[in-house]
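First the structure, in the form of structure tokens, and then the observations on it.
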Amino acid sequence: QVQLVESGGGLVQPGGSLRLSCAASGIMFSSYVMAWYRQAPGKQRELVASISSGGSTKYADSVKGRFTISRDNAKNTVYLQMNNLKTEDTAVYYCKAGHMYLEYWGQGTQVTVSS
């Protein structure tokens, strides 16, 4: 049974930081592309960042220079370090694991940036 469990969300003031974690089980984690998506109220889900099995990373333009994605294959965990958070970063953040035709999603964690 595949599980992706996100954690680390919460309420933070503008300019603050959060680190999201996504712990995976039931998959050969090191072989998967891992990604973070987010969905704000009334908006479509969008890709925030991804990291390949080899460690190559990609970011949405809106988060470049502020967010960092990383992975620890020994812990089957992917992280999203979010710095200098803005109110427009408020959303539910989802973790996704992808490999060829396989795709798995976590349940999401809420991030709210507000003063």
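The values are calculated or read from the model by the stated rules, or taken from the named source; none is laboratory data. Bear in mind that the values here come from a model prediction, so they are computed numbers and not experimental data. With ideal geometry, Cβ positions are generated from the backbone for all residues, glycine too; neighbour counts draw on all protein chains shown. These accessible areas exclude ligands, DNA and RNA; they are computed on the full protein's heavy atoms, side chains included. Shrake-Rupley method; radii C 1.70, N 1.55, O 1.52, S 1.80 Å.
Could you calculate the contour length gain from Q39 to Y101, that is, 0.36 nm times the residue separation minus the distance between their Cα atoms, to one decimal place in nm?
Using 0.36 nm per residue and subtracting the Cα-Cα distance, I get 20.0 nm.
Return a whole-number percent for the relative contact order of segment 17-90, with Cα pairs under 8 Å and 6 or more residues apart as the contact set.
Taking the mean separation of contacting Cα pairs over the length of segment 17-90, I get 37 percent.
Taking the Cα atoms of segment 72-115, what is the range of coordinates along each of the three principal axes, in descending order and whole Å?
That gives 40, 22, 15 Å along the principal axes, largest extent first.
Taking only protein heavy atoms into account and a 1.4 Å probe, give the accessible area per residue of the chain in Å².
Working: 6170 Å² over 115 residues.
That works out to 54 Å² per residue.
Run the accessible area of segment 70-115 with a 1.4 Å probe and give the carbon-and-sulfur part as a rounded percent.
Its accessible area is 47 percent carbon and sulfur atoms.
Under a Cβ-only charge scheme (Lys and Arg +1, Asp and Glu -1), can you give me the dipole magnitude of the chain about the Cα centre, in debye to the nearest 20?
The dipole magnitude comes to about 120 debye.
Enumerate the lysines that K64 could reach by cross-link, defined here as Cα to Cα under 23 Å, with residues fewer than 8 away along the same chain left out.
Here the lysines satisfying the reach criterion relative to K64 are K43, K86, K96.
After finding the eigenvalues of the alpha carbon gyration tensor for the chain, what semi-axes result from the square roots of 5 times each, listed largest first in whole Å?
For the chain, the semi-axes come out at 23, 14, 13 Å.
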